[in-house]
Amino acid sequence: MSHSLHRYGSIEDLENDYCIYARCAKGVNRNNPGEKLRRILEIYQTEDFVNFGSAHAGKCYLDGLDPKQYAKRLDRAYGMIVSFSKKSSAENILRKLKDENIGISIVVSGLIDEIRDIAKKCGLKLHTATLSLGIYGNTSLLPKKNTLKITTMCGHSLIGNRLVESIIEKVRTEKITIEDAALILAKPCVCGIFNTVRCSKLICKQL
Amino acid sequence: MRINPDKCIGCEKCIIYCPLNCIVKEDKKCKIDEDECVDCGVCKRANICPTDAIFMPRECFDYPRAVRMQFSDPCAYHPSMKSFGRGTEEAKTNDVTGKFKKGEYGLLLEFGRPCVGVRLSEIEKVTVAMRTKGLPILEENPLFGLLEEDDSGHFKKEYVNEKLLSAILETRFKEDELETIIRTILPLLDNLSTVVSVGLVTRFANDGSLPIIKKLEDLNMNIRVRPNAKINVGLGRPLID
């Protein structure tokens, strides 16, 4: 990842958009993490998640990744990500992870002030931040800003501007629903950090 | 990636899926510009081709071309790093590795992202400048393995023209080097023919604040720290505080 770091949008656009990532560290706790990751996956599923996945799984929940089948493959994994569209869900997950003291590094992406608030409520001492300083270089090559808000929800840049614009046009011409559009756009993002709830809101604003 | 012309019926369904817009229709068939293609696999995984004409040719697995897939397809494996994705842990595990300590910052330069892609020749403009100025390039990163061993900052020549969807270059420096590093590196990005998403790694102060934000503002370089971030919440064990 820097995956979920560079999600583009206004503060209002970025509210209620959380990715929680569990990641084992090479040379520290990456050998045989299966049981721990399975427990984390169970915890993830105790709340109303939007999506989850990981690169090694090859697809995300919204593209058909079955949690039970996925759990069986976690012995060879070293990380997984879940996305939420409610602050309360993110808070509950972090509290449960803290209480269980599993020992795998946990990273949360979202608005800094919201994460601070959650951490305070859960009694977490924030350790390290990766801040986004924005996009540099030849920015004339970028798609329009409304499109970027959606494409940047895939941190590996697997969702192209043409797909976004084409799918939104299909919504405009009433060939598909907003929810179907968000689902189509979520599928290329194998890590499962594409938040379809946020995407639906963004599409709504563009119609 | 390639489209088998004997199977392609020219339906164009694949065209919109390419993140870099390198599928075109010619002579009633869809065709991938293989020099521009980064082998990310999105068009194949989308499973939208009615005749299953899209495939990854054998030569995409051979070096130097293989690095395209390794950096661009998160489902592919970086053999040098034994990991998927862009191959670096960045600060995700900093609570147990101590990669970025108190008093240090990290700068993460994500070339090609979003939506543009990047040739290694473009990244090389930055790596050469960094080496010339004596700035460190972190080794725990698959880009490092593509560099010549002579500390020139050049990539091994067989890789220079390879194109990637994105790649992360990392550096680490002391707090008091912030201004020098920022004033040296950010201007280097201005003349690139790609985009660079820039990230900065910092430890939280004991009171939970992020003093770096004020320090960046004080540089008067119009650096706007975005309101969203990626935060390691310190649940890894054993904890390195």
What are the residues in the stretch A:159-196 that are surrounded by fewer than 17 Cβ atoms within 10 Å (Cβ to Cβ) and under 24 Å from A:S89 (Cα atoms), if any? A:E179, A:D180
A:V28 versus (1) farther than 23 Å from B:G236 by Cα; (2) of a type outside the set (D, E); (3) at the interface with another protein chain (Cβ under 10 Å from one of its Cβ atoms): which is the lone unmet condition? (1)
Of the conditions (1) within 10 Å of chain B (Cβ to nearest Cβ); (2) surrounded by fewer than 19 Cβ atoms within 10 Å (Cβ to Cβ); (3) in a loop (DSSP other than H, G, I, E, B); (4) not aliphatic (A, V, I, L, M), A:D13 clears all except one; give me its number. (3)
Restricting attention to the stretch B:101-122, which residues are away from chain A (no Cβ under 11 Å) and over 28 Å from B:N206 (Cα atoms)? B:R119, B:L120, B:S121
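For (1) of a type in the set (G, A, S); (2) surrounded by 15 or more Cβ atoms within 10 Å (Cβ to Cβ); (3) in a loop (DSSP other than H, G, I, E, B), each residue gets a yes or a no:
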residue	(1), (2), (3)
B:K7	no, no, yes
B:K25	no, no, no
B:V67	no, yes, no
B:T88	no, yes, yes
B:V116	no, yes, yes
Of B:P79, B:P74, the only residue that is under 30 Å from B:E140 (Cα atoms), out of contact with any Gly (no Cβ under 9 Å at 6 or more places or on another chain) and not assigned by TED's automatic domain parsing to the domain that holds B:G117 is B:P79
Could you tell me whether any residue of the stretch B:173-184 is of a type in the set (S, T, N, Q) and away from chain A (no Cβ under 14 Å)? yes
Starting from the stretch A:53-72, keep only residues that are at the interface with chain B (Cβ under 9 Å from one of its Cβ atoms), then list their pairs with residues that are part of a helix (DSSP H, G or I) and among the hydroxyl-bearing types (S, T, Y) whose Cβ atoms are within a distance under 7 Å, requiring at least 6 positions of separation or different chains. A:A57/A:Y70
Which of the residues belonging to the stretch A:44-62 are under 14 Å from the mean Cα position of the chain (by Cα) and not in a loop (DSSP other than H, G, I, E, B)? A:Y44, A:N51, A:F52, A:G53, A:A55, A:Y61, A:L62
Between a residue in the stretch A:188-199 that is over 13 Å from A:L14 (Cβ atoms) and any residue that is at pLDDT below 95 and basic (K, R), which pairs come within a Cβ distance under 6 Å, given they are 6 or more apart or on different chains? A:V190/A:K59
Return the only residue of B:C43, B:C75, B:C60 being under 17 Å from the mean Cα position of the chain (by Cα) and either within 14 Å of chain A (Cβ to nearest Cβ) or in contact (Cβ under 8 Å) with a residue 12 or more places away in the chain (or both). B:C75
Does at least one position in the stretch A:134-149 carry a residue that is of a type outside the set (V, I, T), surrounded by fewer than 20 Cβ atoms within 10 Å (Cβ to Cβ) and closer than 30 Å to B:G236 by Cα? yes
Just to be sure before I move on: is A:I159 out of contact with any Pro (no Cβ under 8 Å at 6 or more places or on another chain) and either more than 7 Å from chain B (Cβ to nearest Cβ) or not in a helix (DSSP H, G or I) (or both) in the structure I sent? no
Taking the stretch A:87-139 as the region of interest, how many residues are of a type outside the set (S, T, N, Q) and in a helix (DSSP H, G or I)? 22
A:M153 versus (1) more than 7 Å from chain B (Cβ to nearest Cβ); (2) surrounded by 23 or more Cβ atoms within 10 Å (Cβ to Cβ); (3) more than 23 Å from A:F52 (Cβ to Cβ): which is the lone unmet condition? (3)
If you check A:T147 against the conditions, is it within 19 Å of the chain's Cα centre (by Cα) and of a type in the set (S, T, Y)? yes
For the structure I just gave you, tell me whether A:L41 is within 9 Å of another protein chain (Cβ to nearest Cβ) and not in a strand (DSSP E or B). no
Given (1) more than 30 Å from A:C122 (Cα to Cα); (2) out of contact with any strand residue (DSSP E or B) (no Cβ under 6 Å at 6 or more places or on another chain), where does B:T194 come up short, assuming only one miss? (2)
Could you tell me whether any residue of the stretch B:150-162 is closer than 30 Å to A:K98 by Cα and touching a residue at least 24 places away in the same chain (Cβ under 8 Å)? no
Can you name the number of the only condition in (1) over 28 Å from A:Q206 (Cα atoms); (2) crowded, with 21+ Cβ neighbours inside 10 Å; (3) under 17 Å from the mean Cα position of the chain (by Cα) that A:G110 fails? (1)
Quick check, is A:I102 within 11 Å of chain B (Cβ to nearest Cβ) and under 21 Å from A:T130 (Cα atoms)? no
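The values are calculated or read from the model by the stated rules, or taken from the named source; none is laboratory data. Note that the coordinates shown come from a computational prediction; the quantities given were computed from them, not determined experimentally. No Cβ is skipped: glycine too gets one built from the backbone with ideal geometry, and neighbour counts run over all protein chains shown.
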